[in-house]
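Before any comments, here is the structure.
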Amino acid sequence: MTQIEQVYDQLRKVIDPELNINVVDLGLIYDVKLDQGKLEIAMTLTTPGCPLHDSIVNGVKYAVSTVEGVEQVDVELVWSPPWTPDHMTEAGRRALG
């Protein structure tokens, strides 16, 4: 398993507390880059005013910090393109019903 695959595996452990679905299957993760120990994640939230944004971002940082070779984690919240249910994986759609 590559390091990026390990990152995504760890990200699947981060659950959006309102929808009870992981951030990957919700389609909140837009980009992941790893270069010489520095991991950069571009992600969004389901709504810009999400009151749990600190909790979710901290959960992401904590989860991926366990991947071997990751020395620094930067999470950037982006709002373009805005999240829609179209970003969800098939597993996420099934979980949402």
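Read-outs: derived from the displayed coordinates by stated rules, not from any lab. In this text the structure is predicted, and so the values were computed from the model without any measurement. Positions of Cβ are generated from backbone atoms using ideal geometry, with glycine treated the same way; all protein chains shown enter the neighbour counts.
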Using amide H atoms built 1.01 Å from N in the peptide plane, name the residues 5+ places from VAL14, or on other chains, whose amide H lies under 5 Å from its own. VAL23
Could you give the spread of the C-alpha atoms of segment 45-97 along their three principal axes, from largest to smallest, in whole angstroms? 36, 25, 19
Interchain or sequence-distant (5+) residues whose placed amide H lies within less than 5 Å of the amide H of VAL73 are LEU39
In nanometres, what is the gap between the two model label sites at GLU18 and GLN36, each 7 Å from Cα along Cα-to-Cβ? 3.9
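Nearest 5 is fine: what % of DSSP beta bridges in the chain come out antiparallel, could you say? All intermediate terms of the calculation are to be shown ahead of the outcome.
Numbers: 8 of 14 bridges.
Rounded to the nearest five, the antiparallel share is 55 percent.
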Shape category assigned to the chain from the gyration tensor of Cα positions, a/c cut at 1.5: prolate
Over the chain, what is the relative contact order in whole percent, taking alpha-carbon pairs under 8 Å and six or more residues apart? 34
